Protein chains: 2
Amino acid sequence: MDTAAIAKAFTAMLKAGQHIEAAERFNAPDIVSLEAMPGDMAICRGTAAVKAKSDWWYANHEIHSAESDGPLINGDQFLMRFSLDVTPKMTGQRMQMEEFGLYTVRDGRIVEERFFYPTA
Amino acid sequence: MDTAAIAKAFTAMLKAGQHIEAAERFNAPDIVSLEAMPGDMAICRGTAAVKAKSDWWYANHEIHSAESDGPLINGDQFLMRFSLDVTPKMTGQRMQMEEFGLYTVRDGRIVEERFFYPTA
């Protein structure tokens, strides 16, 4: 599968709510996940660490709605937009946010995911 | 200047319409520019080739409006969104389009720009 085929299959699974299955199928064993924030979760390496971060996020946010747009593809990378309406359990304050995911593909797997959203 | 400072200065210049000056100030001599299309302009290397592509684009599009949003920063990269209302001179058909620019910074300069937009 080339980048476009992987991007389309991956995003179809996300749009169907199958984020766990999409990660299991497409994340490379040595995937690197980069958040735009300091702290423990800024860089996660490997499927187990990335799954732990994802599990934490889903456990700590109440999701009212989530939409995924894309993919937009260029070379070995594709970009997706996520529109989220969530209440973080830490704050209890419902918020609407837009986030972009940039995915890098190598040998049929996602080797890097990098997220973009407003930061301080 | 770190990535955030460069991203902010660069985007402020774009928002002020100073795209030529922004490129002159921030593009690295060996910048690589990647379009999501086949053909001669898919990869441009170096400031002269990148400027020639930019000059071609501005010469061949009538711009009714252009908005730049961002930057969203993560590590050595930043993402911008461009909302364009243009008429390509080749087609004469006015169109509204959204495009994303992903910029990679090294040693205070932009070493890669990669554009994302809908493709066939």
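Values in this text are rule-based calculations from the coordinates and carry no lab data. Only a predicted model underlies this, so the values are computations on that prediction, with no experimental measurement involved. In this analysis, Cβ positions are derived from the backbone assuming ideal geometry, glycine residues included, and neighbour counts consider all displayed protein chains.
Can you tell me the FRET efficiency between residue B:96 and residue A:69 if r is taken as the Cβ-Cβ distance and R0 is 22 Å, rounded to the nearest 0.05?
Step by step, r from the Cβ atoms, then E = 0.90.
Within straight cross-link reach of residue A:8, meaning Cα distance under 15 Å, which aspartates and glutamates are found once same-chain residues fewer than 8 apart are removed?
A:21, A:69, A:76
Compute the convex hull volume of the Cα atoms of chain B, divide it by the residue count, and report the result per residue in Å³ as a whole number.
101
List the lysines whose Cα lies under 30 Å from the Cα of residue A:15, skipping any in the same chain that are fewer than 8 positions away.
A:51, A:53, A:89
For the stretch A:62-105 and the stretch B:67-120, what is the centre-to-centre distance using only Cα atoms, to the nearest Å?
One Cα centre to the other: 19 Å.
Sort shortest first the distances from residue B:30 to its counterpart in every other copy, using label points 7 Å along the Cα-to-beta-carbon line, and give them in nm.
2.3
Could you give the radius of gyration (one decimal) and Dmax (whole number) of the Cα atoms in the protein assembly as shown, in Å?
So, for the protein assembly as shown, Rg and Dmax equal 18.6, 53 Å respectively.
Can you give the extra length, in nm with one decimal, that the chain gains between residue A:60 and residue A:5 once fully stretched, where that is 0.36 nm per residue apart less the Cα-Cα distance?
Separation in residues times 0.36 nm, less the Cα-Cα distance, equals 16.6 nm.
Treating the point 7 Å from Cα along Cα-beta-carbon as the label, what are the nm separations from residue A:5 to the other copies, to one decimal?
Nearest first, the other copies' label points are 4.7 nm away.
Could you please tell me the mean projected area of the C-alpha convex hull for the stretch B:66-120, averaged over all directions and given in square nanometres to one decimal?
Its average projected convex-hull area is 4.8 nm².
Given the DSSP H assignment, sum -39500 (n - 2.57) over each helix run of at least 4 residues in chain B and divide by its residue total; what's the result at 222 nm in deg cm²/dmol, nearest 500?
That comes out to -8500 deg cm²/dmol.
Work out the mean other chain Cβ neighbour count within 10 Å for the residues of B:28-38 and drop it here as an integer.
Shielding by partners across B:28-38 averages 1.
Compute the label-point distances linking residue B:17 to its equivalents in the other copies; points lie 7 Å from Cα along Cα→Cβ; give nm, one decimal, shortest first.
Between copies, matching label points for residue B:17 lie 4.9 nm apart.
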